[in-house]
Amino acid sequence: RMIIRLSSVFGYIRLHQRCGLIPTLLLNGLTHRITTISGRMTTLRDFVWVEDVASFLLNRIRLNDYRDGEVLTLARGLPTSIIEAQSLVESALGSRTYIVYPRGADNDQDITFSPAMLPNSWTLTDLRIATQLVLRDVVTHGQASALVTNRTH
């Protein structure tokens, strides 16, 4: 048994699956919709790419490289603000995205991790590359409109 502590994991956009901030911004940007965020533009998160998490855990299991009860933190160790994530997505899309921050935000606490907490063998995909992978996937499969339609019903 291993205990895995994950930061803000994001991955591909799939119907009936949770969609994190970066994929949501991409999807709403592609379909010209406003994203409502319960936080502040300066709220910090620590985003990691789902494939990095999967690769790391698979390798640890394959190599039998874990101790019973071991606690691992899988995070970037470098926080990204919501406004930085928005800029990252806008750069990938080549167009603006629009965010609304309602009053009384209840999810505005920063969630960050020290790089000292991370495993030595943990490698990360650059956020720009991972964002491009999500965008390419949703555009290639032509599912942006269908995803938005199904998420709003």
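The values are calculated or read from the model by the stated rules, or taken from the named source; none is laboratory data. Just so it is clear, the structure is predicted and the values come from calculations on it, not from any experiment. Here the Cβ is made from the backbone with ideal geometry for all residues, glycine too, and neighbour counts use every protein chain on show. Protein only, heavy atoms only, side chains kept; ligands, DNA and RNA dropped before computing areas. Shrake-Rupley method; radii C 1.70, N 1.55, O 1.52, S 1.80 Å.
Screening Ile61 on (1) modelled with pLDDT under 95; (2) closer than 30 Å to Ile3 by Cβ; (3) touching a strand residue (DSSP E or B) at 6+ places or on another chain (Cβ under 7 Å) shows it passes everything except condition (3).
For region 10-21, the tally of residues that are within 15 Å of the chain's Cα centre (by Cα) and over 17 Å from Asp110 (Cβ atoms) stands at 8. Specify which of the listed residues (Leu21, Leu15) is in contact (Cβ under 8 Å) with a residue 40 or more places away in the chain, in contact with a helix residue (DSSP H, G or I) (Cβ under 7 Å, 6 or more places away or on another chain) and farther than 25 Å from Ser114 by Cα. The match here is Leu15.
For every residue, the table says whether it meets (1) more than 28 Å from Thr123 (Cβ to Cβ); (2) part of a loop (DSSP other than H, G, I, E, B).
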position	(1), (2)
Leu15	yes, yes
Cys19	no, yes
Arg40	yes, yes
Phe56	no, no
Ile83	no, no
Ala92	no, no
Asp110	no, yes
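In region 48-68, the residues that are within 16 Å of Leu118 (Cβ to Cβ) reach residues that are open to solvent by less than 80 Å² (accessible area, probe 1.4 Å) and charged (D, E, K, R) with C-beta atoms within less than 7 angstrom, at least six apart or across chains, in these pairs: Val48/Arg76; Tyr66/Arg60. Scanning region 61-86 for residues that are surrounded by 18 or more Cβ atoms within 10 Å (Cβ to Cβ) and over 22 Å from the mean Cα position of the chain (by Cα) yields no hits at all. Within region 12-27, how many residues are modelled with pLDDT under 95 and open to solvent by less than 20 Å² (accessible area, probe 1.4 Å)? The qualifying residues number 3. Looking only at region 96-106, filter to residues that are under 21 Å from Arg33 (Cα atoms) and part of a loop (DSSP other than H, G, I, E, B); which one of those is modelled with the lowest pLDDT? Per the stated criteria, the residue is Ala105.
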